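The values are calculated or read from the model by the stated rules, or taken from the named source; none is laboratory data. Please read these numbers as outputs of a predicted model, since none were measured by experiment. Note: ideal-geometry Cβ built from the backbone for every residue, glycine included; neighbour counts use all protein chains shown. These area figures cover heavy atoms from the full protein model, side chains too; ligands, DNA and RNA do not enter into them. Shrake-Rupley method; radii C 1.70, N 1.55, O 1.52, S 1.80 Å.
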Amino acid sequence: MHYDLIIRRGLCVFPWGEAQADLGIVDGRIASLSVASSDTAEREIDAAGLHVLPGMIDSHVHLRDPGNAAIESIATGTRAAALGGITMVFDMPNTSPSITSSETIADKRRTVAENALIDMGLYVGATRANTPDLARLEQEEGVCAIKVFAGSSTGDLMIEDDDGIEAVLRSGHRRVAFHSEDEYRLQARKPMFEVGMPHVNHMIWRDEECAFLGTRRITALARKTNRPVHILHTSTAEELDWLAAHRAHVSVEVLVNHLTQVGPECYETLGAYAVMNPPIRDRRHYDACWAAVRDGRVDVVSSDHAPHPREAKEKPWPQCPAGLTGVQTILPLMLDHVNAGRLSLSRLVDLMAAGPARIYGLQTKGRLAVGFDADLTLVDMRASREIRNDWIASPVGWTPFDGKHVTGWPMATIVRGHVVMQDDEITSAPVGRLARFAP
């Protein structure tokens, strides 16, 4: 048998367990899990000493395209993702202009085809004006979900009231993803704070009840309309306990930051480079997020990659924008957590490959199996590295994890059989395309 690519001697993480296997790839798909020693290929990779994972997916990123390429673009964002071992990202719609129509989806589709190093999915933003069209828009090529900003947004992407949210949930049938902070509480509390106050006030202003109240309201509307919803960046113990009783309607995302950083210490050491929405919280919520990862309440771990230039981040709080880089660092951080014993490698695969595929309806991704796309992330679980600003591919050039030592590192990123990154070097022209989702 002759293959396009053979991956030999890697320890593969299959849905049924870990096993050494030789993978054969033809036409961008996995053709065999038991390649013979006599079989040949156009290219072979010796993965001895490495783990072979299904391609890692970051299902929550802001690549700022269309917008300002000096901050981020599909070209630079997917390069960062590939360097970090990510084979697919789902990009948020709050760009300039926003992705809210067939025309803007088509424009973005062309940009992806020309510039993406890895595969992508696109969120469509819900507005009051396009709500009647959402059932049609969610079926467009490459659309992973509808995104609703129920809090913490600007312009027409904000839908904060129950009637508006219910109308969205009654238009279409696929899962709807929510930023669920309660806008009314956020605005009511805003006068308590002044420009120039310490950055730790970010987690005091956007407190637990802001998130929990939003999530309770959205859950009630999901049950009323019988529409599945996905709560993005769940960050509080209260939300995670509440959602355990509502799994028939609600799936759960937790961010790597809420599993890695703890307030108030992070604000004292990082200042604005710890400011994100929802905020990084205290040890009680950090522990609750890890408990939910361990007992299966969390479906997906993502980065919420949202770059801003240094000159914007270094403005006084709360004038500094919320958002941190993350798509390039999420996998090294999570591998470090695996090595620290906080979760198993198979659970990580569930959270960053099988989980996104299940929640969003990816048809041929998320697992190592014959017939699935040959999306593979090869990692060295023993590699010890330091995350540094000068490694970051996003034009803003910074990470809140600068100087952090990790154990576990991505060694190759393979997208539909194309070796996009190997040994910290980009090795391919753009090969990304929009993924297919179940209708």
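If you put +1 on each Lys and Arg Cβ and -1 on each Asp and Glu Cβ, how big is the dipole of segment 134-214 around its Cα centre, in Debye rounded to 20? Kindly include the intermediate steps, with their values, before the conclusion.
Values: 9 positive and 16 negative charges, 38 e Å.
Roughly 180 debye, rounded to the nearest 20.
Which percent of Cα pairs goes in each bin when the distances of the chain are cut into 10 angstrom slices starting at zero?
That works out to 5, 23, 33, 27, 10, 2, 0, 0, in percent per bin.
Computed over the Cα atoms of segment 234-362, what is the ratio Rg over Rh, Rh following Kirkwood?
Details: Rg = 15.0 Å, Rh = 15.4 Å.
Dividing the radius of gyration by the Kirkwood radius yields 0.98.
Can you compute the charge dipole magnitude of the chain about its Cα centre, using +1 on each Lys and Arg Cβ and -1 on each Asp and Glu Cβ, nothing else charged? Give it in debye, rounded to the nearest 20. Write out the running numbers ahead of the final one.
Working: 45 positive and 57 negative charges, 143 e Å.
Dipole of the chain, to the nearest 20 debye: 680 debye.
In what sequence, highest mean first, do 412-419, 279-286 appear when ranked by Cβ atoms within 10 angstrom? Could the numbers behind the result be given before it?
Values: 412-419: 24.2, 279-286: 20.1.
Highest-to-lowest ranking by the protection proxy: 412-419, 279-286.
How high is the relative contact order of segment 218-296, given as a whole-number percent (alpha carbon pairs under 8 Å, six or more residues apart)?
Values: 89 pairs, mean separation 26.3, N = 79.
Computed value for segment 218-296: 33 percent relative contact order.
For the chain, with the dipole built from +1 on Lys and Arg beta-carbon atoms and -1 on Asp and Glu ones, taken about the Cα centre, which of His305, Leu434, Thr269 lies farthest toward the positive end?
Farthest along the dipole direction, towards plus: Leu434.
Contact order normalised by length for the chain, with contacts defined as Cα pairs under 8 Å and 6 or more residues apart; what percent is it?
On the way: 1074 pairs, mean separation 94.5, N = 439.
Answer for the chain is 22 percent.
Could you please state how large a percent of the accessible area of the chain is carbon and sulfur, counting protein chains only and using a 1.4 Å probe? Each step should come with its number before you reach the end.
Numbers: 7680 of 15590 Å².
Heavy-atom surface of the chain belonging to carbon and sulfur, 1.4 Å probe: 49 percent.
Which value, in debye to the nearest 20, gives the size of the charge dipole of segment 1-127 about its Cα centre, when Lys and Arg are +1 and Asp and Glu are -1 at the Cβ? Show your work: numbers first, answer last.
Working: 9 positive and 16 negative charges, 38 e Å.
So the magnitude is around 180 debye.
Net charge around Asp133, counting only other residues with Cβ within less than 12 Å of its Cβ (Lys, Arg = +1; Asp, Glu = -1)?
-1
Determine the relative contact order of segment 1-152: mean sequence separation of Cα pairs under 8 Å and six or more apart, normalised by residue count, in whole percent. Let's see the in-between values first.
Values: 280 pairs, mean separation 25.9, N = 152.
It comes to 17 percent, rounded to a whole number.
Run the reach check for Lys190 against lysines, Cα to Cα strictly under 24 Å, same-chain hits fewer than 8 apart removed. What comes back?
Straight-distance partners of Lys190: Lys313, Lys315.
Once amide H atoms are built 1.01 Å from N in the peptide plane, which residues 5 or more positions from Val176, or in another chain, come under 5 Å H to H?
Answer set, sorted by chain and number: Val229, His230.
Could you tell me the accessible area of Leu348 in Å² (1.4 Å probe, neighbours in place), rounded to the nearest ten?
0 Å²
Calculate, for segment 257-351, the solvent-accessible area per residue in square angstrom, rolling a 1.4 angstrom probe over the heavy atoms of the protein chains.
Numbers: 2960 Å² over 95 residues.
Accessible area per residue: 31 Å².
Rounded to whole Å and sorted largest first, what semi-axes of the equivalent ellipsoid does the C-alpha gyration tensor of segment 1-67 yield via the square root of 5 times each eigenvalue? The partial results should precede the final answer.
Details: eigenvalues 153, 52, 21 Å².
Equivalent ellipsoid semi-axes, largest first: 28, 16, 10 Å.
5 Å is the cut-off here: which amide hydrogens, built 1.01 Å from N in the peptide plane, fall below it relative to Gly432, excluding neighbours closer than 5 in sequence?
Ala116, Leu117, Ile118
Taking Rh as the Kirkwood radius, which is the inverse of the mean 1/r over Cα pairs, what is the Rg/Rh value for segment 124-279?
Working: Rg = 16.1 Å, Rh = 16.3 Å.
For segment 124-279, the value is 0.99.
Name the residue farthest towards the positive end of the dipole of the chain from the options Ala116, Val252, Ile57, assuming +1 on Cβ of Lys and Arg, -1 on Cβ of Asp and Glu, about the Cα centre.
Of the listed residues, the answer is Val252.
When the Karplus curve 6.51 cos²θ - 1.76 cosθ + 1.60 is applied with θ = phi - 60°, which whole-Hz ³J(HN,Hα) does each residue of segment 411-419 get, with x for Gly and Pro?
10, 7, 10, 10, 10, 6, x, 8, 7
Give the cross-link partners of Lys147 among the lysines, using a straight C-alpha distance below 20 Å as the criterion and excluding same-chain residues fewer than 8 apart.
Candidates past the 8-residue exclusion: Lys108, Lys224.
What FRET efficiency, computed as 1/(1 + (r/R0)^6) with R0 = 22 Å and r the Cβ-Cβ distance, is obtained for Glu194 and Arg310, rounded to the nearest 0.05? Write out the running numbers ahead of the final one.
Details: r = 23 Å, r/R0 = 1.07.
Efficiency computed from Cβ-Cβ geometry: 0.40.
How would Thr76, Thr325 rank on accessible area, largest to smallest, probe 1.4 Å? Kindly include the intermediate steps, with their values, before the conclusion.
On the way: Thr76 35, Thr325 5 Å².
Ranking Thr76, Thr325 by accessible area, largest first, yields Thr76, Thr325.
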